[in-house]
Amino acid sequence: MKVKLLAGLAMSTMLFGCANTADLEAQVSALSNKVDSLSTQVGSLSGQQDSLAADIKATKSAAMDAQDEAARANSRIDAMASDYRKK
């Protein structure tokens with residue numbers, strides 16, 4: 001009987017000792033705020049990445065257009081050079 005009573009007292013003491021709900025709630029709140037902050041940063045970085053991807057696509061398209069135009073100009077110059085030699 002005394003062993004059961006002693007065990008019950010020990011368990012009660014452990015339960016009351018672990019009941020730091022105010023500190024636990026403060027820690028959970030701080031972590032929740034950090035998660036919200038990180039979520040906002042991830043959203044911002046995702047938007048920036050999308051913008052950079054669009055800029056890269058536009059730059060690639062402009063580079064391809066410039067390359068095509070240079071090839072056409074070279075072909076016209078080659079045609080003019082061959083006509084000049086024939087005369």
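Given +1 at the Cβ of Lys and Arg, -1 at the Cβ of Asp and Glu and no other charges, the dipole of the chain around its Cα centre is 340 debye to the nearest 20.
For the chain, the longest principal axis of the Cα atoms and the long axis of helix 2-17 meet at an angle of about 40 degrees. List the aspartates and glutamates whose alpha-carbon lies under 20 Å from that of residue 60, not counting same-chain residues fewer than 8 positions away? Hits, sequence-local ones excluded: 50, 68, 69. For the stretch 44-87, the Cα-based Rg and Dmax, in that order, read 19.2, 65 Å. Each Lys and Arg adds +1 at its Cβ and each Asp and Glu adds -1 at its Cβ; summed about the Cα centre, the stretch 44-87 shows a dipole of about 400 debye. Quarter the surface of the alpha carbon convex hull of the chain and you get the mean projected area, 11.0 square nanometres.
Farthest towards the positive end of the charge dipole of the chain, among the residues 42, 5, 70, is the Cα of 70, using unit charges on the Cβ of Lys, Arg, Asp and Glu.
Rule-based calculations on the coordinates, nothing more; no lab input. Keep in mind that this is a model prediction, so the values were computed, not measured. So basically every Cβ, Gly included, is an ideal-geometry build from the backbone, and we count neighbours across all protein chains shown.
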